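The values are calculated or read from the model by the stated rules, or taken from the named source; none is laboratory data. Only a predicted model underlies this, so the values are computations on that prediction, with no experimental measurement involved. Here the Cβ positions follow ideal geometry from the backbone for every residue, glycine too, while neighbour counts run over all protein chains shown.
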């Protein structure tokens with residue numbers, strides 16, 4: 001007897017490839033690691049960066065506000081320094097009020113080695129060696145005032161006449177420059193210089209006369 005089976009044949013169950021399991025496990029593990037990194041590392045870092053950006057923006061706004069408040073501050077400092085400089089100059093000149101004793105003291109200072117006359121700030125610049133100096137007013141800083149001696153000083157109503165002797169004409173020039181630079185004297189003019197011989201020693205010296213006004 002021949003039996004014929006008309007029922008459809010069952011498909012055999014699909015068997016998974018054992019070689020694919022480690023690959024699948026690896027992919028799953030990698031995805032899990034990426035998820036952990038995003039959750040515990042990337043998100044906190046991004047949140048921290050965003051907070052830093054907000055803090056930086058706030059700080060920049062604060063700096064801009066303070067900068068607006070300080071606008072003009074350097075100019076105020078410069079104006080204050082200039083006002084203080086003028087005040088000191090005025091005080092200096094006020095303290096140099098001329099009386100006969102002060103005039104004689106000023107002459108003594110001028111004729112003392114390494115001492116300078118009492119000058120305004122502007123005159124100090126002109127007699128110095130800086131960029132604002134005036135060659136016609138500049139001092140010879142190593143000048144020796146012992147090369148000059150005075151024989152008379154006459155003050156007649158504010159006009160003075162100074163007479164004396166010097167080793168050379170250049171010494172008279174240095175003395176005249178210092179008198180002209182002093183706040184105590186004005187219109188200083190050297191005149192009448194001549195070479196003469198001392199009667200007792202016979203030594204030659206330069207006899208001079210300087211005139212001007214006392215700044216009463």
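Against the conditions (1) at pLDDT 90 or above; (2) closer than 11 Å to residue 214 by Cβ; (3) over 43 Å from the mean Cα position of the chain (by Cα), residue 164 satisfies every one except (2).
Of everything in region 95-122, what is assigned to a helix (DSSP H, G or I) and in contact (Cβ under 8 Å) with a residue 60 or more places away in the chain? Give them in sequence order. Let's see the steps before the verdict.
Step one: filter region 95-122 for residues assigned to a helix (DSSP H, G or I), giving 95, 100-110, 121-122.
102, 103, 106, 110 - these are the residues of region 95-122 that are assigned to a helix (DSSP H, G or I) and in contact (Cβ under 8 Å) with a residue 60 or more places away in the chain.
So that you can scan it fast, the table gives a plain yes or no per residue for (1) assigned to a helix (DSSP H, G or I); (2) in contact with a helix residue (DSSP H, G or I) (Cβ under 9 Å, 6 or more places away or on another chain); (3) closer than 19 Å to residue 101 by Cα:
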| residue | (1), (2), (3) |
| --- | --- |
| 162 | no, yes, yes |
| 173 | yes, no, no |
| 186 | no, yes, yes |
| 202 | no, no, no |
| 208 | no, yes, no |
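If residue 138 satisfies every condition in (1) touching a helix residue (DSSP H, G or I) at 6+ places or on another chain (Cβ under 8 Å); (2) part of a helix (DSSP H, G or I) but one, which is the exception? Only one criterion is unmet by residue 138, namely (2).
For region 149-160, which residues satisfy the criterion of being touching a residue at least 40 places away in the same chain (Cβ under 8 Å) and part of a strand (DSSP E or B)?
At the first step, the residues of region 149-160 found to be touching a residue at least 40 places away in the same chain (Cβ under 8 Å) are 150, 153, 155, 158-160.
If the condition is that a residue be touching a residue at least 40 places away in the same chain (Cβ under 8 Å) and part of a strand (DSSP E or B), then 150, 153, 155, 159, 160 are the ones that fit.
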